[in-house]
1. From D425, D488, D441, which residue is at pLDDT below 95 and farther than 18 Å from F52 by Cα?
2. For the stretch 178-213, name all the residues that are of a type in the set (A, V, I, L, M, F, W, C), within 11 Å of P474 (Cβ to Cβ) and out of contact with any Pro (no Cβ under 9 Å at 6 or more places or on another chain).
3. Name the residues in the stretch 472-491 that are over 30 Å from L317 (Cα atoms) and either among the aliphatic types (A, V, I, L, M) or not in a loop (DSSP other than H, G, I, E, B) (or both), would you?
4. Applying the selection to the stretch 148-174, what residues are over 18 Å from T397 (Cβ atoms), among the hydroxyl-bearing types (S, T, Y) and at pLDDT 95 or above?
5. For the stretch 80-98, what are the residues that are farther than 19 Å from V149 by Cα and not polar (S, T, N, Q)?
6. Please give the number of the condition I107 fails out of (1) part of a helix (DSSP H, G or I); (2) in contact with a Gly (Cβ under 6 Å, 6 or more places away or on another chain).
7. How many residues are closer than 16 Å to E256 by Cβ and either surrounded by 24 or more Cβ atoms within 10 Å (Cβ to Cβ) or in contact (Cβ under 8 Å) with a residue 60 or more places away in the chain (or both) if we restrict to the stretch 214-223?
8. Working carefully through the options W489, W386, W454, find the one that is out of contact with any Ser or Thr (no Cβ under 8 Å at 6 or more places or on another chain) and crowded, with 21+ Cβ neighbours inside 10 Å.
Amino acid sequence: MKYGKTFYLSLCLMAWAALIFAPLDADAAKANGKAKLSKAASQELFSQPNAFFDVNKMSDMSDFDPANPVVPKGDTIKIAIVASFSGPGALNGSLYWAPVQWAAHDINKRGGILVDGKRKLVEVIRADHMSKPDQCKKVVERLILQEKVQFLWGTNGSHLMKIINETANKYKVISMSAASVADDLQDATNFGRYSFMASCSTEQIGRGLAYYYGQIKKKEKKFYILCQDYGFGREIANGFKKGLKEYYPEAKLVGEDYHKLFLTDFAPYLTKIQASGAEVIFTGDWIPDAENLLKQSRQMGINLPFANLFMVDATMLNAVGVEGTKGLVNINMYDVPPPAFRTAESIKFYRAWNNQWKTWKAMPFNGPLFEHPTNVLGSYNQLTYWLLSVIERAGSTDPEKIIKVWEGDTYKFANGKIIKMRICDHKAIQNFTVSEYVPPDQQNVSFNIPPYYWYKNASNMGPGSLIPAAKVLPLMDKNLDRCKGKSDWGE
């Protein structure tokens, strides 16, 4: 019997889908209780998404420079990045600015977005909260009341994101958390209809790393927690402790400490870790604390792996070197399990960014931190494209129309990852990847295109494992009326 080309193409597509998603369904079938992946939820999340980033429609980005952006003025779609653009956390502002402005530049070169009967360009505005709560509230109110900003994008520091959300909900303006991850941002106390948590959340990260060590790696058993002493740091630690009980009950927590933000001397904590017998240090620290912690640990001769979320600053990694960064274990909210580049489209997107990065002259954009559109950079960029896609599909900047589209929405990133916005509490459901950092000559398992390594002078992503969404569904506060009677999938 002879078959046509369409038949064979269909078989290939079905085989590809089975290869990519079979591990998800297998893990989901084993999930218990409310975390169980129902057939309806599986079909919604892992089948054809509502929208996707079409790399083939991306503009010619050869004129893009984050240090010299083309920012339209006037009657525009206004998105404000509320972040640290000065002070000890200033690097975070730059880390957000480049990927967000890239997306805006691309859309503007396409002609903008048709909203409310008029095609408008996207204007990205820097809004410096200086890592200070009082400044954050002041700048957000000014953005809304005076500059008429329609969308707020944030931020480094969940305590500051809470202020952004509170103000946004007060004035009925859409806010998106792309970088803050504390679970209580969207609990019964703090939830607002106008705030969306597109980032991962603390419990997901903690439980995801515990799942990796207990169900995948199954080697180290002694863990020491060292996190920043505020809501985020304690929540991510609690997620890890909960995950150890759930997925790795034979593991032992040999120590637990919390330090103030922007600490410069980690020696007292590292001395305790050194004496504890720990095999792994778990931390949620972000820049600059993550950098100081890693550098000082290596200077003290402590070469234990850090299980981390934000210890990814490539400038820091290159400064510490190959040996000092080997064995770091990072849970990643953008990348997929190896290989990193599975399609021509994913390669095209990567090359467009990386080739343009080579032309940037100004610090910090010309440094290694901005070389690859992966990890946090990839996440911030693609979450911005998701927001712009929602605006485009809503055909409006009216917050009520935005809410209608975004609740329950599914979106596919440039690399094929799919993300869903849970309806009842506006938290994102997604898979994660945990990567072990290896020397350059072993990075080709991940970086599967020339030059077959991420960095020459630092260890980086090598072997990686999928953490299925069903194992790390975001924490849902059942005291929130909108979530009563719902499963953790939001059904």
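The values are calculated or read from the model by the stated rules, or taken from the named source; none is laboratory data. Please read these numbers as outputs of a predicted model, since none were measured by experiment. As a convention, Cβ positions derive from the backbone with ideal geometry for all residues, glycine included, and neighbour counts pool all protein chains shown.
1. On the way: D425 fails: at pLDDT below 95; D441 fails: at pLDDT below 95.
On inspection, the qualifying residue turns out to be D488.
2. Matches in the stretch 178-213: V181, L185, I205.
3. As a first pass, look at the stretch 472-491 and keep what is over 30 Å from L317 (Cα atoms): 473, 475-491.
Matches in the stretch 472-491: L473, L475, M476, L480, D481, R482, C483.
4. T155
5. Of the residues in the stretch 80-98, the ones farther than 19 Å from V149 by Cα are 86-92, 94-95, 98.
Once the filter is applied, which keeps residues that are farther than 19 Å from V149 by Cα and not polar (S, T, N, Q), the stretch 80-98 yields G87, P88, G89, A90, L91, L95, A98.
6. (2)
7. Final tally of qualifying residues: 1.
8. On the way: W489 fails: out of contact with any Ser or Thr (no Cβ under 8 Å at 6 or more places or on another chain); W454 fails: out of contact with any Ser or Thr (no Cβ under 8 Å at 6 or more places or on another chain).
Among W489, W386, W454, only W386 is out of contact with any Ser or Thr (no Cβ under 8 Å at 6 or more places or on another chain) and crowded, with 21+ Cβ neighbours inside 10 Å.
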